[in-house]
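Please read the structure below before turning to the comments.
Just so it is clear, none of the values below were taken in a lab; they were calculated from the coordinates. As the structure is a prediction and not an experimental result, all values here were calculated from the model. We place every Cβ from the backbone using ideal geometry, glycine too, and count neighbours over all the protein chains shown.
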Amino acid sequence: MTSPRLVRRTTALAGIIALAIASAPPALAAASDASSPPVIAAYSLAAPRSEVPSGLVARAVVPGGTHCPALRVALSADRPDHVMQMTVRPTPARTAPAFDAITVCTAPLPVGATAASISGVVVPAAMPTSVDRLALLGDSGCRITSWQVQDCASAEAWPLALIAQSVADERPDAVIFNGDFFYREAACPAASQAMCGSSPPPIAGLPFTDSAYGWIADALLPMAPMLAAAPLIVTRGNHEACYRGGNGFFLLFDPRKGTPDTCAPVSTATGLVAADTLPTPTYAIDVAVRDGRTLRLAIVDSAGGNDNSVTSFAAIQRPAYVRAADLAQARSGRETWLVTHRPLYGFVTTAFAQAGQPFNPWGSMDQAAAADGLLGDYDLVFSSHMHIAQSVQLPGLPGQLILGNAGTLLDPPTGYPLPTAGPQISATPGYPAPTWGWVGVRFGYAMASPQTDRGSWRITMKDPDGETFARCGLAQRTIYCRDRA
C-alpha cells in the first residue's frame with residue numbers, strides 16, 4: 001500500500017521536476033545579481049587537503065556558453081561577503097557534443113569559511129569539525145538498457161528523489177556516496193515509453209553512454225536536496241567506467257584537479273574508442289569525529305575489474321590497495337574505513353546462477369584478490385555495487401558493509417545463504433569462511449553515528465521515507481545487523 005507521505009512527496013517532486021525541465025527550480029534560479037547565470041546544480045565535494053587546504057571544493061553547473069558565477073563566502077564578522085570567481089572545469093577532450101549543454105565551474109573553499117553561496121544557492125562551506133551523523137548510500141541511477149528498463153516515472157519504482165530529500169531531512173554532517181550515479185545507458189525502448197520516454201539517450205557516434213542531459217536527469221535534479229545538505233565524499237563506481245559514465249563523473253564529481261580527461265576517448269585510425277578503465281590514485285579524506293576522534297576514509301577507485309573470477313586486472317588494481325594500506329596505518333585517535341565501490345567480500349543471490357555454469361557466491365573477485373593481505377588496519381570496508389543492503393563478517397578482517405540500494409533496480413529478494421567458504425582467489429593468505437551475514441533487499445540509505453569507544457558506530461538502515469527497517473552496530477572491527485522488530 002502506498003503511504004500518504006509518499007503520495008504527498010511524489011506529487012510535490014513531480015511538480016519540481018516538471019519546472020526544472022522547463023527552466024530551473026525557483027531556488028536554483030535565484031541569482032545574487034543580474035549578471036549571474038542560472039544554476040542547474042551546486043554542491044561541495046570533499047577533496048584531498050594536499051590539493052585544497054580546507055578539504056572542500058565548490059562546484060556549480062550552469063548552462064553551456066554562460067560564464068562562471070562568483071562564489072560568495074563569509075569568512076568572519078568583518079568579512080561577511082568575500083567574493084571568489086569560480087573557474088571553468090575543462091570538458092573532457094573529444095567528447096563534444098555530449099557535454100555542450102553545461103559548463104562546470106569550480107573553486108576551492110577557503111579555510112575559515114562559515115557560509116557560502118553561488119548565485120543565491122547555498123552550498124556547504126566547510127568540512128565538519130565534529131561529526132555526529134554520516135549519511136551512507138550508493139547505486140542510485142535509473143536503469144535503462146536495451147534489455148531491462150526501470151520505471152523512471154515512478155517515485156516508488158525509482159525513489160532516488162525521495163531518498164535525497166530524506167537524507168537532507170536528516171541534516172547529516174557529511175554524505176558518503178559510493179559510486180554508480182549513472183544508469184541511462186540506452187535510448188528508451190519503444191515498448192517502454194511510459195516509463196522512460198523522456199530519458200536522454202546516449203549520443204550517437206561516441207564511445208561512451210553519458211551526456212550532460214543524462215547526468216541532469218539521473219543525478220543532478222533528483223539529488224538536489226542532498227547536494228545542498230552537506231559536503232559530499234564520493235567514489236567512482238563501475239557505471240562510471242570510461243565506456244559508460246566516466247566522462248561525466250570526472251567532469252562533475254571527481255574532487256581533484258587535473259582529472260577531467262581521465263576518461264577522454266582515444267583517437268585511432270578508425271575513429272574514437274573508449275579509454276581504458278584504470279584505477280586513479282588512492283587518496284584519503286579525514287573527518288573529525290566528536291570526542292577528539294578522527295575517521296580516515298581511504299578512497300580506492302574500483303571501477304574496473306571482473307566480478308566472477310580473478311583476472312590479470314587484479315595486479316593492475318593492487319597498487320591502489322597498497323597505497324590505501326599505507327594511508328590506513330594505525331595511529332592514536334584515528335580509525336579508518338576503506339571506501340571502495342566494489343565489495344571485497346559481498347555474497348550474491350543464487351538467482352544469478354546460470355544453468356550448466358559453476359556458481360560463485362562471491363562478487364568482485366578481482367578486487368578481493370587485489371586487496372588480499374592488506375586489510376589489517378581497517379575498522380570497516382564500506383562498498384555498494386550490489387543492489388541490496390548487506391553486512392558480512394569474516395574472522396580477523398574488518399566488517400564489510402554494502403549499501404547499493406539508493407534507487408537502482410534492486411537485486412532479487414531471495415537466495416542469500418551464507419557461503420560456506422570465503423572468496424577463493426588461489427593465493428595466500430586468502431579469505432576465511434564468513435561467520436555471519438545479513439541481507440536487506442529494500443530501497444534506502446543509512447545513517448551512521450559514532451558511539452563512545454574508538455571504532456564504535458551505530459548504523460541505522462532507512463527506507464525512502466526515512467523510516468528505520470534495520471539497525472547495525474560496528475565495534476572492534478566487527479559489524480552486526482538485525483531487522484527492526
Task: Helix-only mean residue ellipticity at 222 nm for the chain, each DSSP H run of n ≥ 4 adding -39500 (n - 2.57), per residue, nearest 500 - done: -4500 deg cm²/dmol
Open item on the list: Under the 0.36 nm per residue contour assumption, what length would be gained going from the current alpha-carbon distance of Arg482 and Ala190 to full extension?
Closed with: 100.9 nm
- [ ] Calculate one ³J(HN,Hα) per residue across segment 364-371 by plugging θ = phi - 60° into the Karplus curve 6.51 cos²θ - 1.76 cosθ + 1.60, and present them in order as whole Hz with x for glycine and proline.
- [x] 6, 5, 4, 5, 4, 5, 5, 8
- [ ] Find the Cα radius of gyration of segment 375-480, compare it with 2.2 N^0.38 Å by division, and give the number to two decimals.
- [x] 1.10
Task: Ranked packing of 72-82, 133-143, 403-413, 44-54, most packed first, by mean Cβ within 10 Å - done: 133-143, 403-413, 44-54, 72-82
Open item on the list: Quick check on segment 134-286: of the DSSP beta bridges with both residues there, what percent are antiparallel, nearest 5%?
Closed with: 35
Task: Size of charge dipole - the chain - debye, nearest 20, with Cβ of Lys, Arg +1 and Asp, Glu -1, no other charges - done: 520
Open item on the list: What are the membrane-span-like helices in the chain by this rule: whole DSSP H runs, Cα extent along the axis at least 15 Å, mean Kyte-Doolittle hydropathy at least 0.5?
Closed with: 4-22
Task: Percentage relative contact order, the chain, counting C-alpha pairs under 8 Å, at least six apart - done: 13
Task: Estimated distance in nm for a label pair at Ser312 and Ala421, the labels positioned 7 Å out from Cα along Cα-to-Cβ - done: 2.7
TODO: Find the percent of Cα-Cα distances in segment 89-241 that exceed 24 Å, and round it to a whole number.
DONE: 40
Task: At R0 = 45 Å, FRET efficiency that the Cβ-Cβ distance of Thr414 and Val111 yields, to 0.05 - done: 0.30
Open item on the list: I want to make sure I understand the PRE zone here: with the label point 7 angstrom from the Cα of Ala96 toward its beta carbon, which residues in segment 52-77 have backbone N atoms less than 15 Å away?
Closed with: 64-66
Open item on the list: Could you give each residue of segment 467-482 its phi-based ³J(HN,Hα) in whole Hz, using Karplus coefficients 6.51, -1.76, 1.60 with θ = phi - 60°, and x for Gly or Pro?
Closed with: 8, 6, 10, 7, 10, 10, x, 10, 7, 6, 6, 10, 10, 9, 10, 8
TODO: Report, by chain and number, residues whose modeled amide H sits under 5 Å from the one on Val289, excluding near sequence neighbours (fewer than 5 apart, same chain).
DONE: Val131, Thr294, Leu295
TODO: Provide the gained length on full extension for the span Ser76 to Arg171, in nm with one decimal, where the gain is 0.36 nm per separating residue minus the Cα-Cα distance.
DONE: 31.8 nm
Open item on the list: I'd like the antiparallel share, as a percent to the nearest 5, of DSSP beta bridges with both residues in segment 328-443.
Closed with: 60
- [ ] Could you state the orientation-averaged shadow area of the convex hull built on the Cα atoms of segment 240-352, in nm² to one decimal?
- [x] 10.3
Open item on the list: Can you give the FRET efficiency to the nearest 0.05 for Met84 and Ser50, using r as the Cβ-Cβ distance and R₀ = 25 Å?
Closed with: 0.80
Open item on the list: Show me the ranking of peptides 269-275, 279-285, 459-465 by mean Cβ neighbours inside 10 Å, starting with the highest.
Closed with: 459-465, 279-285, 269-275
Open item on the list: What whole-number volume per residue, in cubic angstrom, does the convex hull of the C-alpha atoms of the chain give?
Closed with: 157
Open item on the list: Restricting to Cα pairs below 8 Å that are 6+ residues apart, what does the relative contact order work out to for segment 241-353? Please round to a whole percent.
Closed with: 22
Open item on the list: Suppose we keep just the DSSP beta bridges with both residues in the chain; what percent of those would be antiparallel, to 5?
Closed with: 75
